[in-house]
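The values are calculated or read from the model by the stated rules, or taken from the named source; none is laboratory data. What you see is a predicted model; the values in this text were computed from it and never measured. Counting neighbours? That spans all protein chains shown, and the Cβs are built from the backbone with ideal geometry, glycine included. These area figures cover heavy atoms from the full protein model, side chains too; ligands, DNA and RNA do not enter into them. Shrake-Rupley method; radii C 1.70, N 1.55, O 1.52, S 1.80 Å.
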Amino acid sequence: MTIPVLALTDLRKSYGRHEALKGISLTIAPGEIVGLLGPNGAGKSTLFQIASGLFAPDGGEARLFGLSYRDKSSEILRRLGVVFQSRSLDLDMSVRANLRFHGNLFGLSGKLLAERIERAAEIFEVTDLIDKPVRTLSGGNQRRIEIVRALLNLPDLLLMDEPSVGLDPTTRKLLGEHIRTVRDIHNVSILWATHLVEEVEHADRIALIIAGRIVMTGTPAEIIAASGASNLNDAYIALTGVKPGETEAGSSAQVQA
Ligand code: ADP
């Protein structure tokens, strides 16, 4: 059996008395795009922060290619690409300076770094923006640069937390297409956390998270079939009891995978 790129087993995390993750298990295979879909407050960011090594769970375990986050955190961090929800480029520097700085942090420099920047920029169609100050770029273009930056170390796993929030539908769709191209070229695995159903329509697999539990995983077609709905949007409403964009307040949906 292939070792999963990411294996999360029975993850638990509480903030004070509030249990944000109540025993989450999830695996991601090499080259797989998994959409972590759930309303605001479901626990996506908490899971994301554990998967990106920012903090440890209270219980359960996270492994990357079988390596424990607990024992091998620095090796794991070198193999991750992370795009956080909030914008994190230096607005006063050029795109190239931002990318170089990040590459240097990963020990990349010179010709190798220049080539990596060039290649990733080509995939995301941002080559002509490379020498512009970040401040002059649109939100969508800044997002693309952040993803380019996250790919410079050729990660095994790219983690993205709500990457297209605030972007218009066309830019959002383009982002999805670029991400699939990156996966096809580099065979990178991707975990894409979002509350937007349309963002996960083309994921290989969706993990539906509600109130700290993954209530169902499956391909988009499997999720639609299990709900009896005719499209993913209606399936999401049927399975979670939450309309897309709403928070999960009061929701207690439980679905057997
Ligand atoms: P999502 O990303 O799906 O919106 P989060 O992981 O941010 O969900 O939050 C899950 C739950 O944990 C929510 O009820 C949220 O209010 C709570 N929570 C998240 N971060 C904190 C924190 N730092 N302190 C207290 N509660 C938190």
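Taking the chain as a Gaussian network of alpha-carbon nodes connected by springs under 10 Å, the highest mean-square fluctuation of the residues VAL200, VAL215, VAL188 belongs to VAL215.
Surface exposure of the chain, expressed per residue as accessible area with a 1.4 Å probe, stands at 46 Å². Computed over neighbours whose Cβ is under 11 Å from that of LEU6, the net charge equals 0, Lys and Arg +1, Asp and Glu -1.
Computed over neighbours whose Cβ is under 10 Å from that of LEU67, the net charge equals +2, Lys and Arg +1, Asp and Glu -1. Between 0 and 90 degrees, the angle of helix 110-123 with respect to the longest Cα principal axis of the chain falls at about 50 degrees. Of the listed residues THR170, THR127, THR194, the order by accessible area with a 1.4 Å probe, largest first, is THR170, THR127, THR194. Electrostatic bookkeeping for VAL165 treats Lys and Arg as +1 and Asp and Glu as -1; over the other residues with beta carbon under 10 Å from its beta carbon, the sum is -1. Rounded to the nearest 10 degrees, what's the angle between the helix 139-151 long axis and the longest principal axis of the chain, both from Cα atoms, 0 to 90? With both axes taken from Cα atoms, the answer is about 80 degrees. When the Cα convex hull of the chain is projected onto planes of every orientation, the mean area is 14.0 nm². Note on the chain: with a GNM built from Cα contacts shorter than 10 Å, the maximum mean-square fluctuation among PHE48, PHE101, PHE84 falls on PHE101. Model label points for GLU201 and ALA225, set 7 angstrom from Cα along the Cα-to-Cβ axis, are 2.1 nm apart. Put the Cα centre of region 1-51 next to the Cα centre of region 69-118 and the gap is 23 Å. The GNM of the chain, with springs linking C-alpha atoms under 10 angstrom apart, assigns the highest mean-square fluctuation among ALA150, ALA207, ALA114 to ALA114.
Helix 95-105 and the longest principal axis of the Cα set of the chain meet at an angle near 80°. Estimated from helical segments only, the mean residue ellipticity of the chain at 222 nm is -10500 deg cm²/dmol, where each DSSP H run of four or more residues counts as -39500 (n - 2.57). If the segment from ILE237 to ASN40 were pulled out straight at 0.36 nm per residue, it would be longer than the present Cα-Cα gap by 69.5 nm. Expressed as a whole percent, the accessible area of the chain that falls on carbon and sulfur atoms is 50 (1.4 Å probe).
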